[in-house]
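The values are calculated or read from the model by the stated rules, or taken from the named source; none is laboratory data. Being a predicted model, the structure only gives us computed values, none of them experimental. For neighbour counting, all protein chains shown are included, and Cβ atoms are generated from backbone atoms with ideal geometry for every residue, glycine included. The area values use the complete protein model at the heavy-atom level, side chains included, leaving out ligands, DNA and RNA. Shrake-Rupley method; radii C 1.70, N 1.55, O 1.52, S 1.80 Å.
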Amino acid sequence: MLKHVATLLALVSVALAQSPVWGQCGGTGWSGATTCVSGSVCTVLNAYYSQCIPGTASSTSSPPTSTVPSTPAPAGGLPRLGGVNTAGYDFSVATDGSFKGTGVTPPAAQFSHFAGEGANLFRIPFAWQLMTPTLGGSIDQSFFSRYDATVQAALNSGPNVFVIVDLHNYARWNGQIIAQGGPTNAQFASIWTQLAAKYGSNERIIFGIMNEPHDVPSISTWVDTVQQTVNAVRAAGSKNFLLLPGSSWASAQAFPTEAGPLLVKVTDPLGGTSKLIFDVHKYLDSDNSGTHADCVTDNVSVMQTLVSFLKANGNRQAILSETGGGNTSSCESMLGSELAFVKNNFPSLAGFAVWAAGAFDTTYVLTVTPNGNQDQPLWVQAVQPNLP
């Protein structure tokens with residue numbers, strides 16, 4: 001009897017020591033299980049992340065070779081993307097949507113530098129007040145010429161490079177929430193119809209409708225704002241991909257249960273939903289703020305839940321347009337794991353843009369700005385291996 005009990009306990013111990021389907025099973029710094037439950041195989045995606053993928057071969061923690069499948073983009077959807085936020089025109093935008101600065105132009109040389117290493121996505125944030133100094137008014141042509149020069153430098157860095165034109169105001173203008181005590185939907189849509197007139201003929205330009213809405217009293221009202229903006233942009237003739245942000249700082253973790261169930265109902269006058277992409281963010285530090293140098297999570301379980309939601313709701317696409325960490329060993333490992341998961345779960349996850357380079361100097365806590373021609377350790381160890 002004791003022998004059988006010991007055998008049973010041993011079997012239970014083995015089962016508990018195995019990773020579940022889609023769970024992590026290896027990678028730099030990984031200290032958990034290195035074998036997978038029956039029916040899945042531990043597959044090396046890169047040096048930082050191995051995953052239990054359904055299959056019939058015997059599980060192993062160190063397959064001899066591995067490549068990410070060359071999965072085609074969904075019909076009409078985004079291709080596989082990876083790159084960086086090039087900040088500067090958003091400098092001094094506060095989280096209440098107020099702004100007092102003049103913006104700083106990101107160095108144009110960064111685009112060719114990163115594109116030469118495999119990046120094909122640049123997110124270029126800007127302050128609403130810089131683009132249209134008067135709420136609901138016309139685009140300031142002096143600022144637009146500065147901004148457009150940056151956009152064109154990014155586009156010209158490679159034939160397959162995409163640019164996210166990102167309105168970085170947290171769903172607010174000077175402290176007031178769009179359609180919830182602040183700007184009207186028409187005033188908000190105005191900036192996008194004007195940008196559609198300028199960029200609507202270039203489908204490599206993606207419209208990031210709004211950065212990180214947060215503390216929005218009515219999510220359904222916000223989703224209606226998004227719908228009205230989509231309608232207005234399409235009426236202006238744009239066929240660009242549109243990024244639809246949720247709530248709670250565009251949280252990837254909150255999306256499936258908070259704004260996601262409403263945003264999936266947003267329709268596109270073009271027909272279908274392939275050009276409506278969900279915009280999510282997720283950092284790896286202790287409070288998910290992106291303000292600490294060390295990382296405490298790889299977010300893989302959060303991303304898996306998001307992927308499941310996307311597949312269950314019409315095989316939709318999302319993009320992780322902000323994530324990042326410090327140049328520390330914890331972030332090199334954990335960000336590498338997260339980005340490997342994103343890359344391996346295309347087309348549900350179209351790609352990522354890490355925060356941040358551009359006008360940030362090399363002392364910024366989450367910097368990936370090159371030091372001369374020398375890349376930051378985080379870029380080399382975690383980001384570059386997971387570029388398309």
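Any idea how many residues of the range 276-298 are touching a helix residue (DSSP H, G or I) at 6+ places or on another chain (Cβ under 8 Å), without any contact (Cβ under 8 Å) to a residue 60 or more places away in the chain and within 16 Å of Gly324 (Cβ to Cβ)?
Residues of the range 276-298 touching a helix residue (DSSP H, G or I) at 6+ places or on another chain (Cβ under 8 Å): 276, 278, 280, 282, 284, 293-298.
With without any contact (Cβ under 8 Å) to a residue 60 or more places away in the chain added as a condition, the list becomes 276, 278, 280, 282, 284, 294-297.
Still in the running and within 16 Å of Gly324 (Cβ to Cβ): 280, 282, 284, 294-297.
The number of residues fulfilling the criteria is 7.
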Q: Just need a number here: residues in the range 335-357 that are open to solvent by less than 20 Å² (accessible area, probe 1.4 Å) and touching a helix residue (DSSP H, G or I) at 6+ places or on another chain (Cβ under 7 Å).
A: 15
Q | Out of Thr369, Thr323, sole residue that is under 14 Å from the mean Cα position of the chain (by Cα) and within 25 Å of Asp90 (Cβ to Cβ) | A | Thr323
Q: Kindly provide the set of residues from the range 116-148 that are of a type in the set (A, V, I, L, M) and under 23 Å from the mean Cα position of the chain (by Cα), ordered by number.
A: Ala119, Leu121, Ile124, Ala127
Q) Which residues, taken from the range 204-224, are touching a strand residue (DSSP E or B) at 6+ places or on another chain (Cβ under 9 Å), over 20 Å from Ala87 (Cα atoms) and open to solvent by 40 Å² or more (accessible area, probe 1.4 Å)? A) Asp215, Pro217, Thr221
Q.
Of the conditions (1) surrounded by fewer than 23 Cβ atoms within 10 Å (Cβ to Cβ); (2) under 16 Å from the mean Cα position of the chain (by Cα), Ala382 satisfies every one except a single condition; which number is it?
A. (1)
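Tell me the residue from Phe241, Phe309, Phe278 that is of a type in the set (Phe, Trp, Tyr) and open to solvent by less than 10 Å² (accessible area, probe 1.4 Å), please.
Details: Phe241 fails: open to solvent by less than 10 Å² (accessible area, probe 1.4 Å); Phe309 fails: open to solvent by less than 10 Å² (accessible area, probe 1.4 Å).
Matching residue, one of Phe241, Phe309, Phe278: Phe278.
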Q | Only listed residue being touching a Lys or Arg at 6+ places or on another chain (Cβ under 8 Å) and farther than 23 Å from Leu121 by Cβ, chosen from Val264, Val302 | A | Val264
Q.
With the structure loaded, tell me whether Asp285 is in a loop (DSSP other than H, G, I, E, B) and either under 21 Å from Ala87 (Cβ atoms) or open to solvent by 10 Å² or more (accessible area, probe 1.4 Å) (or both) or whether it fails that test.
A. yes
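Take Phe360 and tell me if it is within 23 Å of Pro245 (Cα to Cα), aromatic (Phe, Trp, Tyr) and at pLDDT 95 or above.
Values: within 23 Å of Pro245 (Cα to Cα): no; aromatic (Phe, Trp, Tyr): yes; at pLDDT 95 or above: yes.
Spelling it out, it is not the case that Phe360 is within 23 Å of Pro245 (Cα to Cα), aromatic (Phe, Trp, Tyr) and at pLDDT 95 or above.
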**Q.** Scan of the range 244-275 for residues that are open to solvent by less than 10 Å² (accessible area, probe 1.4 Å), free of Cβ contacts under 8 Å to residues at least 60 places away in the same chain, in a loop (DSSP other than H, G, I, E, B) and of a type in the set (A, V, I, L, M, F, W, C), ordered by number
**A.** Ala259, Val266
